[in-house]
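Scroll down for the structure; my scribbles are underneath it.
The values are calculated or read from the model by the stated rules, or taken from the named source; none is laboratory data. The structure displayed is predicted, hence computed values, not measured ones. Note: ideal-geometry Cβ built from the backbone for every residue, glycine included; neighbour counts use all protein chains shown.
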Amino acid sequence: MTGLSATTSSTTLDLSDRFAAEMVSAVSEIFNNIAIHGYAQHPPGEISIEMTVAGDHLSIEICDDGAAFDISQVPLPELDKLPEGGMGIHIAKACVDEIDYTPGPPNLWRLTKYTTAGSARRSRRLSNQPL
């Protein structure tokens, strides 16, 4: 992915290998959780993904009509036991600077990653979880 960039009408965002890999990992984890858990008890549905490029960050919104959940009830993983599951949201949080979840329907995830450390807020905030 060397040299990957995203461009809008007036903004070019340089995406380094690490930046791109972390963003892809975060989006993949959220997408998989929606597909596996959100639609487990629902008929198949659509998942929409929208990307916004700004001067110092990339934001991706993921929207679905699957089952909503209370993100504050997601337990912390027990890393010393090397769990096979239950890591998706935690991996996504580790890969981006901001992550927001608003339960629906529709459910809305917003993942934001800044290109420079000075711009990063590193809040890892979740909308319905205490900060």
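Here is a check on your reading of the model: is HIS42 under 17 Å from the mean Cα position of the chain (by Cα) and at pLDDT below 95? So HIS42 does not fit the description; no. Right, ALA68: touching a Pro at 6+ places or on another chain (Cβ under 6 Å) and either in a loop (DSSP other than H, G, I, E, B) or among the aromatic types (Phe, Trp, Tyr) (or both) or not? Yes, satisfied.
Candidates GLU78, GLU98, GLU84: the one that is buried (at least 18 other Cβ atoms within 10 Å of the Cβ), out of contact with any Asp or Glu (no Cβ under 7 Å at 6 or more places or on another chain) and either modelled with pLDDT under 80 or not hydrophobic (A, V, I, L, M, F, W, C) (or both) is GLU98. Checking each residue in segment 87-118 for being in a strand (DSSP E or B) and touching a Lys or Arg at 6+ places or on another chain (Cβ under 9 Å) picks out GLU98, ILE99, ASP100, TYR101, THR102, THR112, TYR114. If you scan segment 21-46, which residues turn out to be of a type in the set (A, V, I, L, M) and surrounded by 18 or more Cβ atoms within 10 Å (Cβ to Cβ)? Listed by number, the residues that qualify are MET23, ALA26, VAL27, ILE30, ILE34.
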